[in-house]
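Undergrad: Take a look at this one; I'll ask things after.
The values are calculated or read from the model by the stated rules, or taken from the named source; none is laboratory data. Computed from a prediction, not measured in an experiment: that's the story for all the values here. Note: ideal-geometry Cβ built from the backbone for every residue, glycine included; neighbour counts use all protein chains shown. When the accessible area is computed, the model is the full protein with side chains, heavy atoms only, and any ligands, DNA or RNA have been set aside. Shrake-Rupley method; radii C 1.70, N 1.55, O 1.52, S 1.80 Å.
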Amino acid sequence: MKMGLKDFIKNSILLKPCDTKMSAPKCASKIGGKPDLPYNFEWYTYKDSDGKVYPLSFMAQINLEEVHLLDKDKLLPDKGMLYFFYELETMNIGCSPKEKGSAKVFYYEGGIDSLVPADFPDDLDEGYRLPEFVIKMDDRQELPFCEEYNELTGMHADYEEYNRLKAQEMMLYPDEEIHKLLGYADLVQGSMLVACEMLDNGIYIGDFGHLKVKPKYMDKASEWQLLLQMDTVSNDDYELMFGDCGRIYFYIKKEDLRRRNFDNIWLISQCC
């Protein structure tokens, strides 16, 4: 029996930056600011092909107890903290295996009472230090974009059904800038699941508009899961845009997520 679009509805957790100057409480989920880390944490760096070393920027921290009730599919750990880092000076788009390490996810599973606000590395430029954004959270039911459905199933979506269901979804969640955990990527240039599998196998993928998919990796597309999507981050005094109105996407293998192994993530950036 053919599965329809409704069979692929997933839950995501929306992360909504507050339009306020208030500071986040210690160990609260947030975008930017100083992360609350173990005292012995060694700040991540990325070495490019020329041997130049860059400190990564802190993007967000997620208090997993705060999101536990919104994680309807129970994919995330139920305690501890998740931290997301990305190197903003080069702002790699994730087209080459050589760019691995320019984004990192750190999972801390211990008690959060011992965590402390970490100072930024001295060599992290002020322009790559995000201001702190308190976030509110909500859950969202969503469909895959057609391209991702096609990649997951090897079939073409029913576009009439897709347009009807997607219109209903957009009425419920009209935000144009979408930060979220889990669910499906809000695509800008096309599906990224097979691209993650190819990158994981050491293959340069090049431009998404000209991605040459190797058929033997198609069956592995469903093994990948969006972990975090970040959109433009801005307030009255600050704006961080990924390319031209783009987004960044942290992907992880479903098996790694089940095993709580966050060492093998891939970051891909897409823009208009």
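Undergrad: Being among the aromatic types (Phe, Trp, Tyr) and at pLDDT below 80, is that true of even one residue in segment 113-125? Reasoning before the result, please.
TA: Residues of segment 113-125 among the aromatic types (Phe, Trp, Tyr): 120.
Among the residues that remain, those that are also at pLDDT below 80 are: none.
Looking through segment 113-125, none of the residues is among the aromatic types (Phe, Trp, Tyr) and at pLDDT below 80.
Undergrad: Also, quick follow-up: Does ILE112 fit the bill of being closer than 18 Å to ILE252 by Cα, of a type in the set (Val, Ile, Thr) and open to solvent by 40 Å² or more (accessible area, probe 1.4 Å)?
TA: So ILE112 does not fit the description; no.
Undergrad: Tell me which residues, restricted to segment 59-88, are at positive phi and surrounded by 15 or more Cβ atoms within 10 Å (Cβ to Cβ).
TA: So the first thing to find is which residues in segment 59-88 are at positive phi, and the list is 74, 80.
Hit for segment 59-88 is GLY80, nothing else.
Undergrad: In segment 15-50, what count of residues is obtained for those that are aliphatic (A, V, I, L, M) and at pLDDT below 95?
TA: Count: 2.
Undergrad: In segment 120-169, which residues are over 30 Å from SER23 (Cβ atoms), in contact with a Leu (Cβ under 7 Å, 6 or more places away or on another chain) and among the aromatic types (Phe, Trp, Tyr)?
TA: Those that are over 30 Å from SER23 (Cβ atoms), in contact with a Leu (Cβ under 7 Å, 6 or more places away or on another chain) and among the aromatic types (Phe, Trp, Tyr): PHE145, TYR149, TYR162.
Undergrad: Could you list all residues from segment 57-88 that are in contact (Cβ under 8 Å) with a residue 60 or more places away in the chain and assigned to a loop (DSSP other than H, G, I, E, B)?
TA: As a first pass, look at segment 57-88 and keep what is in contact (Cβ under 8 Å) with a residue 60 or more places away in the chain: 57-60, 62, 66-67, 70-73, 75-77, 82, 84, 86, 88.
Result: ASP71, LYS72, ASP73, LEU75, LEU76, PRO77, LEU88.
Undergrad: Still on this structure, please answer the following. Which of the residues spanning segment 6-29 are of a type outside the set (Val, Ile, Thr) and in contact with a Leu (Cβ under 9 Å, 6 or more places away or on another chain)?
TA: Result: LYS6, PHE8, LYS10, ASN11, SER12, LEU14, LEU15, LYS26, CYS27, SER29.
Undergrad: Here's something else I'd like to know. Here are MET22, MET91: which of them is within 21 Å of ASP263 (Cα to Cα), of a type in the set (A, V, I, L, M), open to solvent by 10 Å² or more (accessible area, probe 1.4 Å) and in a loop (DSSP other than H, G, I, E, B)?
TA: Unique residue meeting the criteria: MET91.
Undergrad: Restricting to segment 94-109, what's the tally of residues that are open to solvent by less than 50 Å² (accessible area, probe 1.4 Å), under 15 Å from the mean Cα position of the chain (by Cα) and not polar (S, T, N, Q)?
TA: Total satisfying the criteria: 6.
Undergrad: Filtering segment 196-253 down to residues that are acidic (Asp, Glu) and open to solvent by 50 Å² or more (accessible area, probe 1.4 Å), which residue is modelled with the highest pLDDT?
TA: By that ranking, first place goes to GLU223.
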